[in-house]
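S.K.: Below is a structure I'd like to ask you about.
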Amino acid sequence: MENTDKILEVETPVISQTPTRPAPFTIRTWITIDTGNWGRLPILCLIGAVGLALVSIADTLARSGMGRYELLFWLGLSLLVGPIGGRLASRAPTRRERIGLVMVLGLGLYLVKIMHSPQAFTFSDELIHYFNGNRILETGRLFSPNPILPVTPSYPGLETVTASLSSLSGLNLFDSGIIVLGVARLVTMLALFLFVEQISRSAHVAGMAALLYTAHANFLFWSVQYSYESLALPLAIFVLYLAARRADTTLRSQRVALTLAALIGIEAVVITHHLTSYFLVVFLICWALIVRFRIHVAMKAGALGVVSWYAGETALGQLVRGYGQRLRSGAQAARARGLKANVKTALENRGGPGDLALMALGSALLWQILIASATSSYLAPVLSRAFTSIIQIIIGESTARELFQSEAGYTAPILERLIAFGSVLLLALGVPFGLRKIWQQYRHHPVATLLAGATLLYFAMLALRFSPAAWETGNRASEFVFLGVAFVLALALIEWWNSPNMTRIGQVLIMASIALIFMGGIIAGWPPLLRLSRPLQVKVDQLKIEPQGMATTRWLRSVLGPDHTLIADESNGRLLLAYGGQNPLVGRNLNVNEVIGAELIEDWHLELMREQQVEYVLVDRRRVSWNNMAGYYFDEPESEALVPKGLFAPEIYEKFDSRPEVGRLLDSGNIVIYDVRTLRNVTSVK
Amino acid sequence: MLRQLNDLILVVGVAILAVVVLLAMPGVLPLRILCAVLLVLILPGYALTAAFFPGHFLDIPQRVLFSLGLSLAVTALVGLSLHVLKQSLQLTSWSLALGGVTLAAALLAAWRRRSLVQPVYSPDTFRFKPNVREGVLLGLALFVTGAALQLARVPTPNPNVSGYTLLWMVPAENGSNQLRVGVDSKEFDITRYNVQLFDNGRLLERWPDLELEPGGSWQTAIELAATPAVTSTIEARLYRSDAPEQVYRRVRFVRGEQQAKD
């Protein structure tokens, strides 16, 4: 009975029963020989730690203005990823060692992000969610409105967990968030390993897939920022593992237990993040459909049939009838032989996750209707802009986006562009071999078939990067569909690695390719000038001085109190929200960018301020303040390469001085806070 | 039989102890942090896993994943439930709710294990038993990682960035005719200032020798005459002693009918 529940062909540790002479004590043997219980995990941990130390030194040097030593950063990452990658690629490690390596790798890469922003949350979305978490702590209730991104309080999963840890531990929200996200990262790596192992029956493939998944563009920074997706995605992969495990289980009690655990996971995903819950729904529905219509079983015959129809040898009706017959005969054969007749039949006839898919779909819909009705008005414009942009590019009405060029005109160095292109090229070269492996060995597995489809989707979505309005959609989707790429590429790489003709040089080339793919992911996913830490706190004697935006935010809260309505730019608005507890209006929301960016005050500005009960306007004369990724830090010479250099025209940032009824409450040099309550009674500027 | 329940007895004991510590001794911070981490991130998931899978269905890595994953998921759902039940999400409600979930799941697990004859864990137990060499290497790795994190967290000087000064002026909160004027120095050196206050261009008051250290601040309250019938503008100007002719910062406050309404 238990045999069907056990993972088949999973490599298990081979423990020698024969006593062996201990190796002589030398430094070399001490660090190169397997240490016993955990293989080379301990020494690889130490090497990875040295890599982290190099990253930390690079960040510290950058933060302290002593130079941007990118090479040190890459060297540190190489020390962390390279040796672990090499070990995961080899056949030697036991399952236990592989799991340990995968977890160390995931946690190590998480610490790279912590070292980047060690003092506070500084990523644009982090500040929005930090505000939501603080509101939960202050009010003891969920769903407090968020003026910058109104959809976020409707998905309070991450903030709830963080607030619970903060309430119970007495830690601040930042430290609590770091702990929760660290645990979420462990869940990602472990769930991914076990999920792929469940499908492939190989800890070797699982380890490689987990390694390759770390190469997707958002893994290093984006996926571990304090934002709802960072918790939802690990939980979604956990649910996928539960569903895969359940599909291989015939014991009713275990199926019920796995179903219950999956339902808890699904509900948590639904209340945590919209896009991840949609991804989960789509994945589970596709999986259920593949099983229901036995697409994975009929794939070979179907492919041959399509070829035959294309060649004119078979009519379409005949093709469909033949497919139906195969379905019926397959089902009858399965019933006759029983599920455990042999592995292949069992694989072909395993249950689909239809019930879980329905539950996920129902929960996501219900949540959106009852609680998160703002989601559609938030996502629809983004997706429709992306769609329109693609159509316009196709029909030639607009030009494609320049790759590796920011909106402000910054272009990535040529070497980085080459590495990024090279990484995509390597993926494209490796994937066909992985797909062939799936065809040969895994095409009877519905999830393997689905992951192969996700791989193809990944390459299709790369095209979105050419669209100005769609590139972000494509970028965000990559962390979902890259699950397929990691699996497919792992199959290809392991087949090559295990090939009898594989030489040492070949292995080195494979490792170099993995390194290139990893570097390409980081380059594609994060702006170069934000890759290293930036100065957020500067030490002066025994004091720490913060940038002007942070100081004015703290001043506003302490002197005027929280909950004031202000107009501000993108970066200062987020600081006011997160650390000031204010109600800022920023960006494209209500066109407030145009209010700040105009040279003259116009009637509609007055009307907007009156309607929104605006009390203050924060004007930052630096152009970088409009950049919600880079505007929080002290200004340095290098930072100006990221955005248009310098300051706005004085006509823009001094326009409120021309109104005699407007008070000027604070002046910090770059930032001025105006009291515009007196403008409420002014209906026209003339 | 009791041996079968060892882990559950431990879970129940730790959960009760954690709730007691959190509610009765919230001031003992390290202990409080440990209890909170256990109660939020480990115990509920572990107990639920034990309740769902009383036998040896899961090996250690799977049990770790289930414990962490279910803990995260359950904590989020418990928070939602507390909100729906109109309970405030605070120390007491969190402690009791998460402790309650852990206890209930552990009791269910014990009940489900009552008739179990197999060992709770599979024979190929995944135990963490480092030998001396592994212990030394792992200890070194932890030390180096800790040092790297500490290096990252400590603020450093930066010669490429410059300091700044905040000048501000707001009316006093009590509705009187007072104005509060303040200077916050975020300069990197001791700085001497000169503050001047004007009423419609007429010098009202000045503070010529203001010296502030980095991080230092100064503020004062100014008593003004009764609210004027016509609008008047109070302006404060800040000069640095190293550039006495150049206005370094300026703020202004508009008094008059409008201010009276506000």
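The values are calculated or read from the model by the stated rules, or taken from the named source; none is laboratory data. All values derive from a computational prediction rather than experimental measurement. Heads up, the Cβs are rebuilt from the backbone with ideal geometry, glycines too, and the neighbour counts pull from every protein chain shown. The accessibility values were calculated without ligands, DNA or RNA, using every heavy atom of the protein model including side chains. Shrake-Rupley method; radii C 1.70, N 1.55, O 1.52, S 1.80 Å.
S.K.: Can you pull out the residues in segment A:350-380 that are buried (at least 19 other Cβ atoms within 10 Å of the Cβ) and not in a helix (DSSP H, G or I)?
M.R.: A:Arg350, A:Gly352, A:Pro353, A:Ala372
S.K.: Within 13 Å of chain B (Cβ to nearest Cβ) and either touching a helix residue (DSSP H, G or I) at 6+ places or on another chain (Cβ under 6 Å) or assigned to a loop (DSSP other than H, G, I, E, B) (or both): is that true of A:Leu127 in this structure?
M.R.: The answer is no for A:Leu127.
S.K.: Quick one: A:Pro145 ticks every box in (1) in a helix (DSSP H, G or I); (2) more than 9 Å from chain B (Cβ to nearest Cβ) except a single one, so which number is it?
M.R.: (1)
S.K.: Exactly one condition in (1) surrounded by fewer than 24 Cβ atoms within 10 Å (Cβ to Cβ); (2) touching a helix residue (DSSP H, G or I) at 6+ places or on another chain (Cβ under 8 Å); (3) assigned to a helix (DSSP H, G or I) is false for B:Ala15; which is it?
M.R.: All conditions pass for B:Ala15, except number (1).
S.K.: Please identify the pairs in which a residue from segment B:249-262 that is in the same structural domain as B:Gln196 (by TED's automatic domain parsing) and at pLDDT below 90 has its Cβ atom under 6 Å from the Cβ atom of a residue that is part of a strand (DSSP E or B) and among the polar types (S, T, N, Q), counting only partners at least 6 apart or on another chain.
M.R.: Hits for this filter: B:Val254/B:Thr233; B:Arg255/B:Ser232.
S.K.: Would you check which residues across segment B:39-48 are open to solvent by less than 20 Å² (accessible area, probe 1.4 Å) and free of Cβ contacts under 8 Å to residues at least 40 places away in the same chain and list them?
M.R.: B:Leu41, B:Gly45
S.K.: Where residues in segment B:175-193 are in contact with a Leu (Cβ under 9 Å, 6 or more places away or on another chain) and of a type in the set (Asp, Glu), which of them is most open to solvent (accessible area, probe 1.4 Å)?
M.R.: The selected residue is B:Asp184.
S.K.: A further question follows. From the list B:Leu138, B:Leu142, which one is at pLDDT 80 or above, outside the structural domain of B:Asp189 (by TED's automatic domain parsing) and crowded, with 17+ Cβ neighbours inside 10 Å?
M.R.: B:Leu138
S.K.: Just checking, how many residues over segment A:156-184 are more than 10 Å from chain B (Cβ to nearest Cβ) and open to solvent by less than 10 Å² (accessible area, probe 1.4 Å)?
M.R.: The total comes to 3.
S.K.: Open to solvent by less than 10 Å² (accessible area, probe 1.4 Å) and either facing another protein chain (nearest Cβ under 7 Å) or in contact (Cβ under 8 Å) with a residue 40 or more places away in the chain (or both), is that true of B:Leu77?
M.R.: Answer is no for this residue.
S.K.: Filter segment B:18-28 down to the residues that are assigned to a helix (DSSP H, G or I) and facing another protein chain (nearest Cβ under 8 Å) and list them by number.
M.R.: Correct list: B:Leu22 only.
S.K.: Restricting attention to segment A:231-251, which residues are of a type in the set (Gly, Ala, Ser) and open to solvent by 10 Å² or more (accessible area, probe 1.4 Å)?
M.R.: Listed by number, the list holds a single entry, A:Ala247.
S.K.: Spot the failing condition for A:Leu647; the list is (1) among the aliphatic types (A, V, I, L, M); (2) at pLDDT below 90; (3) open to solvent by less than 20 Å² (accessible area, probe 1.4 Å), and only one is missed.
M.R.: (3) is the only condition that A:Leu647 fails.
S.K.: Report yes if some residue within segment A:646-657 is touching a helix residue (DSSP H, G or I) at 6+ places or on another chain (Cβ under 6 Å) and within 14 Å of chain B (Cβ to nearest Cβ); otherwise report no.
M.R.: no
S.K.: Ok, one more. Output yes when any residue across segment A:535-549 is in contact (Cβ under 8 Å) with a residue 40 or more places away in the chain, assigned to a helix (DSSP H, G or I) and within 14 Å of another protein chain (Cβ to nearest Cβ), and no when none is.
M.R.: yes
S.K.: Could you say whether any residue in segment B:29-38 is farther than 29 Å from A:Met103 by Cβ and either assigned to a helix (DSSP H, G or I) or touching a residue at least 24 places away in the same chain (Cβ under 8 Å) (or both)?
M.R.: So far as segment B:29-38 goes, no, none of its residues is farther than 29 Å from A:Met103 by Cβ and either assigned to a helix (DSSP H, G or I) or touching a residue at least 24 places away in the same chain (Cβ under 8 Å) (or both).
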